[in-house]
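Trainee: I'd like to ask you about the structure that follows.
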Amino acid sequence: MKTLTELNLEAALAAHDPLARERAITTAYRAHENASPAVRELAVLAVQFPAILEPIEEGDLFAGRIRYPLVSFGPEPGGLGYACRAEAIRYVVAGRGLDQEACAEAEEMIAYWETRATAARTRAAYPPALAAALPSDDWTRESGAGFPLYRMAGTVLDYRKLLQLGLSGLDAEIALRAAGASSAQRDFLDGLRAALGLAAASLRHYAAQARSLAADCGDPSHVAGLSTIAADCDAVSQRAPATFREALQLAWIYALLSGTWNYGRVDDWLGSFLVADLDAGRLDEEQATQLLCGWWRLMKAYDNQFNNRVFIGGRGRVNEAVADRFAMLAMEATRRTRLNQPQLSLRFHADQNPALMARALDVIGEGCTFPILYNDDVNIPAVARAFGVPEDEAVHYTPYGCGEYVLANRSVGTPNGVVNLLKCLELALRDGHDPVARRQAGPRTDDSSFACFEELWRAYAAQLEHLIAALARQEKIAYDVTGREAPFLFLSVLYDDCIARAKPLFAGGVRHLGGTLETYGNINTADALFAIERIVFQERAATLSQLIAALDGDFSGPDGEALRQRLLAVPKYGNDDDAADAMARRVHDHVCILTREQAARVGLDSYLVVVINNSANTLFGHTTAASADGRRHGQPLANANNPAPGADRGGVTAFLNSLVKIDPGLHAGAVQNMKFSRALFTRHRTKLEALLAGYWAAGGAQAMISVVSRDDLESALREPEKWGHLLVRVGGFSVRFIDLPSDIQLEVLGRTLHE
Amino acid sequence: MNDITGIVFDIQRGALHDGPGVRTTVFLKGCPLRCAWCHNPESQTFEPETGRSGRIYGRALTVTEVMAVVRRDARFYAASGGGLTISGGEPTAQYDFCSALLAAAHGEGIHTCLDTCGALDWPRLDALCAHVDVFLYDYKATAAGTHRALTGIEPGLPHANLRRLLAAGATVRLRCPLIPDANAAPDHLDAIAALGRDYPAMAIDLMPYHEIGAGKYDDLGRPRPALETRVPAAGETAAWLDTLHSAGAAQAALG
Ligand code: SF4
């Protein structure tokens, strides 16, 4: 599985004329360096599109593939804004054996962007104290408590408007707005119109390509498909879409041009086109499902990792019954394609057609892991509270990427900072010293001889406050610099209220300028603090310095191991233990409120924590020393808001009860992973439904459910300490898999997991 | 009443196979039987024990303390028709505690199951009926000699109590461990079938023998029971089921 970044590099390596596109984009930027941001962006976009749109491949049902050159413009896929991937360029120079002249040219290009790339300009804008607080951007390799990220992630466009008006209708609306506008406003609005022209040109480019492919193709079945693509692209280059196919084609090309890769409430904006075609007999459900499968495959080719969120279901859709028909076919497409993309997600509420949830559980039960489930009855009021918006705005919440909420086409909320809470505790225990990096990394908070637990807590809080204040400033600076650099024309066209205000998205156009902060290690931190409180301050079974020595030594030696066992024996989050869970809540509330409070200080409409799933928990684990929850040096941090691996041994109901103790009204998204055996989806379906019903009713906001697989059992054989929660059925009994003797474990592994 | 103390060796929350719905199963320590296939040797003695591994089996809890745990999943019971299951060991061996726990659960409207082998005087079992919604009743062997050899007790009392419970209209789910070359003989299958015919509403779970491991015997420093058996092949299990179905016990199923 390759990421877009890796695929982009491959394409650059294989290019006919290596680095030609990079040079052309650089030349265009250079020629317009002092032009207005809109004019400069257009100049670059005109080089970029349709040049970087990849050819239609055999079997594609729609036109639309893309690879970013190593110098590019966009919000995120190729890097932030104007981006230059210096290391990758050098890799291509070496890999293709380019001559000295080409090499010098490449170095000159890299040097040019060193001060002009949007990420570089962002860092250059940090005041000295901020630069000192955030010394490194290399969060995947270096040890540190917090790092900035450079991107404008998670924009969700108004596709409904795109499809209703078409490119020409949008152009007319902007022209109308430009009539009475000031000259600065007109510069921006004219840019929007020119971008729409580029979109039309890109569609015509694909139409021509499809026609010429059809002409050269001997297979009549392919000819028909290519001719349809050509006709659809031609049609929507001129007018609003009239059919499902046309609508999907237009939306897809627009998404690629804009550099967004999360599509919001697709059933809401595409459902009416689908149902009109079905009702008129232009399509049947089977054909429509195949079209969706084709789209799913193109999404996978676009981003293979963390994006491609497609939402179905939930309150606030214009016509629920119509959208539900789309939703059912979308689930079928996911079931059939069995791809890791798109990240199909179902919002649901108490009054929703129950067929959607029933189908969702079928699809999950087949091992698809999708759809991911979101409970509107909890989330809408929670989002209203967290974002400080009324519920009729909150109803448009749309999780993107790894699960950060935005208000579709109303808010932006890019996560541009990552924090490792466990590292903050690590620093607090050592007066700000990082034992992995071996340097003073945080403020001096105490001499580490804490007389009581609250003193330790204050030192931890101080480490975090220092960091989060810095990251909030950084987020606002990133918006300001990006807003000055470029209007992001494709995004601004389809974002409230850019046209009405005649302002670019990141320069005053967006209705709600939010930001998010990714926090990791939340649960390890809570478990570690709770264990310290118990063992050091209550039971006094070890002194703080003994504990720190054991952590520094990674629990080596008999004393270290004995202390580790004591720490492990202290109750952990995830078992419905009120005291342990209260600490998790305290850690959560503290970091969430602290983060939220920064918004007003730095000038954002909201700045909120997200607690999400990706590989950051593993990467941060590598650079985090042993911790007082019993975790060893280098081990992954617990994922998102989930109990530490294997810590939840109290049974599934206890686990679910713990989850709902964390307040969803303080953050902008948290992920809960759950695994159930296959039998729960089939033979014991009513019990699964009851477990989930109990969870939702108690305030469960979200669930990412997967089926226990053979891989899981194999991992449990390798790392039993992480799989204490895994139950299997043997001989009419439920037993903990890790407690079985190894020959029986192998036997259980051998039979397919159908229970 | 609710400060009665019992010795509990495990509480499993979110149990999905111990009666209807989602349940909390409370395992009471102590058992008058010594079944040769017993998977829970730590459940047999009445006092808490410490294994060689340092693991502690059993702790004293009051009814109030147990109910504080049980109550936490009330919403899952309500959503699923689940509740409390008391298992063991032989839970009725801690009679007062067991009885008080059942009554306490019923007092809060929580559904109850009692997993028992029925080896207690009828009046005492009868008295529990008021607070037991479903009996999970172990039916271990038919012939007296086999029963004695495999469990250490005479079958008279458990067999008679089963018929008495059924006659009294109790809801019973029959749990039948089937051990090849031990109890899984034709006479035993016949007897199960007869019960099935007489009480068609009674569910019958067949639980084919499965080696779960003797690790706990070793940890407790107890000899592994001498049991000449094997894990039945899938075909053998299917044949038992067939036999019961064709003998008129249509409700028999794999547990
Ligand atoms: S009745 Fe149950 S607990 Fe008692 S010995 Fe037999 S199998 Fe073990």
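The values are calculated or read from the model by the stated rules, or taken from the named source; none is laboratory data. Small disclaimer: the values here were computed from a predicted structure and weren't measured. Neighbour counts are summed over all protein chains in view; Cβ atoms, including those assigned to glycine, are modelled from backbone coordinates with ideal geometry. Surface accessibility is based on the protein's heavy atoms, side chains included, excluding ligands, DNA and RNA. Shrake-Rupley method; radii C 1.70, N 1.55, O 1.52, S 1.80 Å.
Trainee: So how many residues does region B:31-46 have that are in contact with a strand residue (DSSP E or B) (Cβ under 8 Å, 6 or more places away or on another chain) and under 15 Å from residue B:92 (Cα atoms)?
Mentor: 2
Trainee: Right, something else. Among (1) free of Cβ contacts under 8 Å to residues at least 24 places away in the same chain; (2) within 14 Å of chain B (Cβ to nearest Cβ); (3) in contact with a Lys or Arg (Cβ under 9 Å, 6 or more places away or on another chain), where does residue A:622 come up short?
Mentor: (2)
Trainee: Now, a different point. Quick check on residue A:114: is it modelled with pLDDT of 95 or more, charged (D, E, K, R) and more than 28 Å from the chain's Cα centre (by Cα)? Let's see the steps before the verdict.
Mentor: Numbers: modelled with pLDDT of 95 or more: yes; charged (D, E, K, R): yes; more than 28 Å from the chain's Cα centre (by Cα): no.
For residue A:114, the condition - modelled with pLDDT of 95 or more, charged (D, E, K, R) and more than 28 Å from the chain's Cα centre (by Cα) - is not met.
Trainee: Could I ask something else about it? Given the conditions (1) of a type outside the set (Val, Ile, Thr); (2) away from chain B (no Cβ under 13 Å); (3) more than 30 Å from residue A:355 (Cβ to Cβ), which single one is not true for residue A:672?
Mentor: Condition not satisfied by residue A:672: (3).
Trainee: Still on this model: I'd like to verify a number: residues in region B:87-102 that are touching a residue at least 60 places away in the same chain (Cβ under 8 Å) and within 13 Å of the ligand (Cβ to nearest atom), how many?
Mentor: So the answer is 7.
Trainee: Still on this structure: Being assigned to a loop (DSSP other than H, G, I, E, B) and surrounded by fewer than 20 Cβ atoms within 10 Å (Cβ to Cβ) is the filter here, so list the residues in region B:183-201 that pass it.
Mentor: B:185, B:199, B:200, B:201
Trainee: State all residues of region A:32-48 that are in contact with a Leu (Cβ under 8 Å, 6 or more places away or on another chain) and buried (at least 21 other Cβ atoms within 10 Å of the Cβ); if no residue qualifies, say none.
Mentor: Passing the criteria: A:38, A:41, A:42, A:45.
Trainee: Only one of (1) among the acidic types (Asp, Glu); (2) under 17 Å from residue A:650 (Cα atoms); (3) away from chain A (no Cβ under 14 Å) is not met by residue B:18, so which one is it?
Mentor: Condition not satisfied by residue B:18: (3).
Trainee: From A:679, A:628, A:654, which residue is in contact with a Leu (Cβ under 9 Å, 6 or more places away or on another chain) and either more than 24 Å from residue A:567 (Cβ to Cβ) or within 12 Å of chain B (Cβ to nearest Cβ) (or both)?
Mentor: Result: A:679 is the single residue among A:679, A:628, A:654 that is in contact with a Leu (Cβ under 9 Å, 6 or more places away or on another chain) and either more than 24 Å from residue A:567 (Cβ to Cβ) or within 12 Å of chain B (Cβ to nearest Cβ) (or both).
Trainee: Here is a further query. Does region A:343-356 hold any residues that are within 17 Å of the chain's Cα centre (by Cα) and assigned to a helix (DSSP H, G or I), and which are they?
Mentor: none
Trainee: Further, regarding this structure: Can you name every residue in region A:348-388 that is under 17 Å from residue A:669 (Cβ atoms) and open to solvent by 40 Å² or more (accessible area, probe 1.4 Å)?
Mentor: Correct list: A:377, A:381, A:385, A:388.
Trainee: Could you grab me the full set of residues in region B:192-213 that are in contact with a Phe, Trp or Tyr (Cβ under 8 Å, 6 or more places away or on another chain) and more than 10 Å from chain A (Cβ to nearest Cβ)?
Mentor: Hits for region B:192-213 are B:192, B:195.
Trainee: When region B:214-237 is examined, which residues are found to be open to solvent by 70 Å² or more (accessible area, probe 1.4 Å) and away from every other protein chain (no Cβ under 11 Å)?
Mentor: Within region B:214-237, B:223, B:224, B:226, B:228, B:230 qualify.
Trainee: Looking only at region B:159-182, which residues are open to solvent by less than 40 Å² (accessible area, probe 1.4 Å), under 21 Å from residue B:115 (Cβ atoms) and not aliphatic (A, V, I, L, M)?
Mentor: Once the filter is applied, which keeps residues that are open to solvent by less than 40 Å² (accessible area, probe 1.4 Å), under 21 Å from residue B:115 (Cβ atoms) and not aliphatic (A, V, I, L, M), region B:159-182 yields B:161, B:175, B:176, B:177.
Trainee: Related question: Hey, does region B:120-140 have a residue that's of a type in the set (Val, Ile, Thr), within 14 Å of chain A (Cβ to nearest Cβ), closer than 30 Å to residue A:680 by Cα and open to solvent by less than 20 Å² (accessible area, probe 1.4 Å)?
Mentor: Applying the first criterion (of a type in the set (Val, Ile, Thr)) to region B:120-140 yields B:132, B:134.
From the residues that got through so far, the ones that are within 14 Å of chain A (Cβ to nearest Cβ) too are none.
Taking every residue of region B:120-140 in turn, none turns out to be of a type in the set (Val, Ile, Thr), within 14 Å of chain A (Cβ to nearest Cβ), closer than 30 Å to residue A:680 by Cα and open to solvent by less than 20 Å² (accessible area, probe 1.4 Å).
Trainee: Those residues that are within 14 Å of chain A (Cβ to nearest Cβ) and more than 7 Å from the ligand (Cβ to nearest atom), I need them from region B:22-36; list them, please.
Mentor: Within region B:22-36, B:22, B:23, B:24, B:25, B:26, B:27 meet the criteria.
Trainee: Sticking with this one: Of all residues in region A:225-240, which are buried (at least 18 other Cβ atoms within 10 Å of the Cβ) and farther than 14 Å from residue A:62 by Cα?
Mentor: Scanning region A:225-240 gives A:237, A:240.
Trainee: Suppose we filter A:557, A:603, A:574, A:515 for residues that are surrounded by fewer than 17 Cβ atoms within 10 Å (Cβ to Cβ) and touching a residue at least 60 places away in the same chain (Cβ under 8 Å); which single one remains? Working first, answer last.
Mentor: On the way: A:557 fails: touching a residue at least 60 places away in the same chain (Cβ under 8 Å); A:574 fails: surrounded by fewer than 17 Cβ atoms within 10 Å (Cβ to Cβ); A:515 fails: surrounded by fewer than 17 Cβ atoms within 10 Å (Cβ to Cβ).
Testing whether each residue is surrounded by fewer than 17 Cβ atoms within 10 Å (Cβ to Cβ) and touching a residue at least 60 places away in the same chain (Cβ under 8 Å) leaves just A:603.
Trainee: How many residues does region A:258-279 contain that are in contact (Cβ under 8 Å) with a residue 60 or more places away in the chain and of a type in the set (Asp, Glu)? Before the answer, list the steps.
Mentor: Going through region A:258-279, the residues in contact (Cβ under 8 Å) with a residue 60 or more places away in the chain turn out to be A:258-270, A:273.
From what's left, of a type in the set (Asp, Glu): A:267-268.
Residues that pass the stated criteria total 2.
Trainee: Those residues that are open to solvent by 20 Å² or more (accessible area, probe 1.4 Å) and either of a type in the set (Asp, Glu) or part of a loop (DSSP other than H, G, I, E, B) (or both), I need them from region A:664-686; list them, please.
Mentor: A:677, A:682, A:683, A:684
Trainee: Another question about this same structure. Please determine, by comparing only the residues of region A:439-473 that are free of Cβ contacts under 8 Å to residues at least 40 places away in the same chain and not in a loop (DSSP other than H, G, I, E, B), which one is most open to solvent (accessible area, probe 1.4 Å).
Mentor: Top of the filtered list is A:458.
Trainee: Go through A:159, A:206, A:150 for me and flag whichever is at pLDDT 95 or above, aromatic (Phe, Trp, Tyr) and open to solvent by 20 Å² or more (accessible area, probe 1.4 Å).
Mentor: Exactly one residue qualifies, and that residue is A:150.
Trainee: Next up: Given the options A:493, A:436, A:481, A:418, name the one that is among the hydrophobic types (A, V, I, L, M, F, W, C), open to solvent by 10 Å² or more (accessible area, probe 1.4 Å) and modelled with pLDDT of 95 or more.
Mentor: A:436
Trainee: Further, regarding this structure: Across region A:297-347, which residue is nearest to residue A:56 (Cα to Cα) among those that are open to solvent by less than 20 Å² (accessible area, probe 1.4 Å) and among the aromatic types (Phe, Trp, Tyr)?
Mentor: Here the residue is A:302.
Trainee: Of all residues in region B:181-205, which are of a type in the set (A, V, I, L, M), farther than 19 Å from residue B:164 by Cα and modelled with pLDDT of 95 or more?
Mentor: Within region B:181-205, B:189 is the sole residue that qualifies.
Trainee: Output the residues belonging to region B:37-54 that are more than 8 Å from the ligand (Cβ to nearest atom) and over 17 Å from residue B:12 (Cα atoms). Talk me through it step by step, then tell me what you get.
Mentor: Narrowing region B:37-54 to residues more than 8 Å from the ligand (Cβ to nearest atom): B:42, B:45-54.
Once the filter is applied, which keeps residues that are more than 8 Å from the ligand (Cβ to nearest atom) and over 17 Å from residue B:12 (Cα atoms), region B:37-54 yields B:45, B:46, B:47, B:48, B:49, B:50, B:51, B:52, B:53, B:54.
Trainee: Residue check: is residue A:637 crowded, with 24+ Cβ neighbours inside 10 Å, within 27 Å of the chain's Cα centre (by Cα) and within 18 Å of residue A:722 (Cα to Cα)?
Mentor: yes
Trainee: Quick one: in region A:682-724, of everything that is more than 12 Å from every other protein chain (Cβ to nearest Cβ) and among the acidic types (Asp, Glu), which residue is farthest from residue A:745 (Cα to Cα)?
Mentor: Start the filter on region A:682-724 by keeping residues that are more than 12 Å from every other protein chain (Cβ to nearest Cβ), which leaves A:682, A:701-724.
Still in the running and among the acidic types (Asp, Glu): A:711-712, A:714, A:719, A:721.
Details: A:711: 13, A:712: 12, A:714: 9, A:719: 13, A:721: 15 Å.
Among them, the one singled out is A:721.
Trainee: Residues that are open to solvent by less than 30 Å² (accessible area, probe 1.4 Å), within 20 Å of residue A:736 (Cα to Cα) and in contact (Cβ under 8 Å) with a residue 40 or more places away in the chain: list the strands (runs of 3 or more DSSP E) wholly contained in region B:3-81 that include at least 3 such residues.
Mentor: Counting at least 3 such residues, we get B:5-15, B:23-28.
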